[in-house]
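Colleague: Below is one structure. I have some questions about it.
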Amino acid sequence: MDKIVIEGGRPLEGEIRISGAKNSALPIIAATLLCPGTHIIHNVPELRDIRTMLKLMETLGVSWERREANTLVINSDAVTEFEASYDLVKTMRASVLVLGPLLSRLGRARVSLPGGCAIGARPIDFHMQGFQKLGAQLELEQGYVDARVSGKLRGGTIYFDIPSVTATENILMAAVLAEGATIIKNAAREPEIANLIDMLTRMGAKIEGRNRDKLTIHGVKSLEPCETVVIPDRIETGTYLVAVGAAGGDVTLTNCRPAHLPSMFEKLRNCGLFLEEGKDSIRVIRSGPLKNVDVKTMPYPGFPTDLQAQLMTLMTLTDGLSVIHENIFENRFMHVAELKRMGADIMVDGGRAIVKGHGKLNGAPVMATDLRASASLVIAGLAAMGTTEISRVYHLDRGYDDLVGKLSGVGAKIRREKE
């Protein structure tokens, strides 16, 4: 097992290229199940979650190859299997995204209940209720969701009590080949969903309401394979912005979409960072003291839950009091105990964390507990005085493409080694 060792206190300077979005690439890969043929996907990051999804796709009959560094060529002619086993699904929640396309194409899908980071329950009730509204029969047995439909799925109206990204994506993929129209109300509006809609549209789907909370899908008889591009990763972008805020310096992020992080930019500017936005780049400078801000995580376009841990680390470096409300996942403060080991003063009260900034952190041995918590500890290590050793960094491999290399390239003293 690997660990990351960081010698902190070094400002960052230079340029970092942002990779493709994991949370866009995964549903886009799943969508290739919808029709036979050869699909080409550009800007796919090299991540453990991507490799897991491709292994799962292989078990369903898909073949694939990487061309150049970030292009996937996927052939889905031979899809005949409808079961996604526990051995693969247990490691990554996004595996549940094969449910919709398999049910739509084959009329049957049997998928193990998903796993992933232990940040909350994240049930798939919304997925199941949506499939039932489309005419599917579902059973839960021995940890598997078994979905069947006689003939084709039929359009229906689906309402989500809470916007759910993966449920919106799953129902979208199921509905594009259903008979009639499907309406999804209170749909999630994340940019990753718009990216999926763009791909499905290229395949021949008819979808209205892109970027809105009401989606109307007019079912078509068939789809065709297409070529598509994964959008840049807004969470990776936000993570590196916070890293510069914590360590200090002047860094330009390229191949990114500033428009995808409106609430994050507002908070970082209020913290005292200078942000200069280009069409596909962001320059971030921190030259003075940090200011404290309060945060509430919300569905898009609100502040992303996937950036909460990183911003909390930044707040420990201020000289004020910050209150952070986590409204999405109930177990997303597991990084707090590790930050305390580095000198942070944080009190957790239910879904609220109160951070008393002291302007500094100290290096210490810490342990990563989930993907974004791992990133927050790397940021803490960059800012801390002394050496920080982070164990269980395999979590980082799920969502950050070459994090150590990218940070080394802008002056961080960071290395990865065997424990």
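Colleague: Just need the relative contact order of the chain here, percent rounded to a whole number, with Cα pairs under 8 Å and 6+ apart.
Modeller: 22
Colleague: Pull out the extension gain between Glu276 and Glu139, defined as 0.36 nm times the separation in residues minus the alpha carbon to alpha carbon distance; nm, one decimal.
Modeller: 44.1 nm
Colleague: Another question about this same structure. Where the centroid of each part is defined by its Cα atoms, how far is region 269-345 from region 19-92 in Å?
Modeller: Computed from Cα coordinates, the inter-centre distance equals 32 Å.
Colleague: Taking 21 Å as the cut-off for C-alpha to C-alpha distance, list the pairs among Lys291/Lys356; Lys55/Lys152; Lys356/Lys413; Lys133/Lys185; Lys90/Lys418; Lys22/Lys413 that go past it.
Modeller: Long pairs (Cα-Cα over 21 Å): Lys55/Lys152; Lys356/Lys413; Lys90/Lys418; Lys22/Lys413.
Colleague: If you don't mind, another one. Residue-wise, which Karplus ³J(HN,Hα) couplings in Hz belong to region 309-317, taking 6.51 cos²θ - 1.76 cosθ + 1.60, θ = phi - 60°, and x for glycine or proline?
Modeller: 5, 5, 5, 4, 4, 4, 5, 5, 9
Colleague: At what distance in nm do the modelled label points of Met385 and Asp77 sit from each other, each positioned 7 Å from its Cα along Cα→Cβ?
Modeller: Simple spin-label model gives 6.5 nm for this pair.
Colleague: If you place +1 on the Cβ of every Lys and Arg and -1 on the Cβ of every Asp and Glu, how big does the dipole about the Cα centre of region 22-229 come out, in debye to the nearest 20?
Modeller: Value, rounded to 20: 360 debye.
Colleague: While we're on this one: Just subtract the alpha-carbon distance of Thr59 and Asp87 from 0.36 nm times their residue separation and send over the number in nm, one decimal.
Modeller: Additional length available on full extension: 8.9 nm.
Colleague: Placing unit charges on C-beta atoms (Lys and Arg positive, Asp and Glu negative, everything else neutral), compute the dipole magnitude of the chain about its Cα centre in debye, rounded to 20.
Modeller: Magnitude of the dipole: close to 400 debye.
Colleague: Simple spin-label model, 7 Å along Cα-to-Cβ: Glu227 to Asn255 in nm?
Modeller: About 1.8 nm separates the two model spin labels.
Colleague: Further, regarding this structure: Among the aspartates and glutamates, select those whose C-alpha is under 14 Å from the C-alpha of Lys214, and discard any that sit fewer than 8 residues away in the same chain.
Modeller: Partners found: Asp161, Glu169, Glu190.
Colleague: So what are the ³J(HN,Hα) numbers for region 391-396, from phi and the Karplus equation (6.51, -1.76, 1.60; θ = phi - 60°), rounded to whole Hz, Gly and Pro as x?
Modeller: Listing the rounded values in order: 9, 6, 7, 4, 4, 4 Hz.
Colleague: What ranking, highest mean first, results for peptides 393-404, 72-83 when packing means the other Cβ atoms within 10 Å averaged over each residue?
Modeller: Most protected by this proxy first, the peptides run 393-404, 72-83.
Colleague: Relative contact order of region 22-229, please, whole-number percent, based on alpha carbon pairs below 8 angstrom and at least 6 residues apart.
Modeller: 20
No value in this document is a laboratory result; all are computed from the given coordinates. Nothing here was measured: the structure is a model prediction, and the numbers come from that model. Positions of Cβ are backbone-derived with ideal geometry, glycine not excepted, and every protein chain shown enters the neighbour counts.
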